[in-house]
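The values are calculated or read from the model by the stated rules, or taken from the named source; none is laboratory data. Since this is a predicted model, take the numbers as computed values, not measurements. Cβ coordinates were reconstructed from backbone atoms using ideal geometry, including for glycine residues, and neighbour counts include every protein chain displayed. Note: accessible area is taken over every heavy atom of the protein model, side chains too, but ligands, DNA and RNA are not part of it. Shrake-Rupley method; radii C 1.70, N 1.55, O 1.52, S 1.80 Å.
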Amino acid sequence: MTIKIVTDSTITVEPELIEKYGITIVPLAILIDGVLYQDTDLSAAQFMSKMKVSKNLPKTSQPPVGVFSEVYDQLAEDGSQIISIHLTKALSGTVEAARQGAMLSNADVTVIDSDFIDQGLKFQVIEAAKLAAEGATKEEILAAIEKTKKNTELFIGIANLDNLVKGGRVNRVTGVLSGLLNIKVVMELVDTSLEPMLKGRGNKTFQKWLDEFADKITGRQIKEIGISHAENIPFSELMRDKLQPFVDKKIPILDTNSTVATHTGPGAWALMIEFE
């Protein structure tokens, strides 16, 4: 029986992989100064440009339950099973909307909370899609997803706390001080919440973390590394050059999605690493 893979637009992934494996992406919506867009309508550059001049911080919203139900029914018309993998519930109600949509649908749907976002979500989705293409059973695919999840770590660097302040994720005093002092913060996603690891003044903070991280992973077996960013190509390339010797597979540098960029603001980067 054919198994089809569904995810949402908070995935950061090469378009050719989506096409190759026939993955279905259900878009979140994003509201910018009263204008509603589908997350997939705007390129990264278009979104960043609109966000910079918007009066208010853009707001993202999960896909409607009915949209998930319709997508599942359409994909299952040929009798296919569906595995639907989504961003962590800590950041959005999308996975719950998917579960409700699955209950309304007549399809055989298994909904998974990836516990990640961006290329951390991509690792699970692509692994599932590859196995589905090879004819693996649903149980085999679900086991591989769980293994990928357990072996993945996600780190994020914030160059400016303005958007986190506007979004209510850090207090305003901290935000003001960070702007005055040029504070940079590196955080790790731990149990679906972002935990600060290092903070300091200037870009040397990021460099210090990268050097320490490279030392930390020396000797470990690495399957894949992904780098995403919101208008921070220079440090992204620095990370790629530093970490490429640790992994055989070429490290991609991709523009992050609008959901992530809304919270992190410009200058942010994310490093996702899957260990063997």
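Tabulated values for the structure
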{"read-out": "Scan of the range 184-234 for residues that are part of a strand (DSSP E or B) and either over 28 Å from L87 (Cα atoms) or open to solvent by 90 Å² or more (accessible area, probe 1.4 Å) (or both), ordered by number", "value": "P196, K199, G200, R201"}
{"read-out": "Identity of the residue in the range 14-44, on the phi > 0 side of the Ramachandran plot and touching a residue at least 12 places away in the same chain (Cβ under 8 Å), that ends up surrounded by the fewest Cβ atoms within 10 Å (Cβ to Cβ)", "value": "D33"}
{"read-out": "Single unsatisfied condition, T174 versus (1) open to solvent by 40 Å² or more (accessible area, probe 1.4 Å); (2) modelled with pLDDT of 95 or more", "value": "(2)"}
{"read-out": "Residue among V186, V190 that is over 25 Å from L31 (Cβ atoms) and free of Cβ contacts under 8 Å to residues at least 12 places away in the same chain", "value": "V190"}
{"read-out": "The range 65-92 - residue that is touching a helix residue (DSSP H, G or I) at 6+ places or on another chain (Cβ under 7 Å) and part of a loop (DSSP other than H, G, I, E, B) and, of those, farthest from M1 (Cα to Cα)", "value": "K89"}
{"read-out": "Tally, over the range 105-135, of residues that are open to solvent by 30 Å² or more (accessible area, probe 1.4 Å) and either touching a Pro at 6+ places or on another chain (Cβ under 7 Å) or farther than 18 Å from K4 by Cβ (or both)", "value": "1"}
{"read-out": "Lone qualifier among T88, T94 - being closer than 21 Å to I126 by Cβ, assigned by the TED database to the domain that holds A132, buried (at least 22 other Cβ atoms within 10 Å of the Cβ) and of a type outside the set (D, E)", "value": "T94"}
{"read-out": "Yes/no for Q62 being polar (S, T, N, Q), crowded, with 18+ Cβ neighbours inside 10 Å and over 25 Å from D255 (Cβ atoms)", "value": "no"}
{"read-out": "Breaking point among (1) of a type in the set (A, V, I, L, M, F, W, C); (2) in a helix (DSSP H, G or I); (3) in contact with a Lys or Arg (Cβ under 9 Å, 6 or more places away or on another chain); (4) more than 30 Å from F155 (Cα to Cα), for A102", "value": "(3)"}
{"read-out": "Given (1) more than 19 Å from L28 (Cβ to Cβ); (2) within 22 Å of the chain's Cα centre (by Cα); (3) of a type outside the set (F, W, Y), index of the condition K122 fails", "value": "(1)"}
{"read-out": "Residue satisfying all of: in the range 1-13; open to solvent by 30 Å² or more (accessible area, probe 1.4 Å) and part of a loop (DSSP other than H, G, I, E, B); modelled with the lowest pLDDT among these", "value": "M1"}
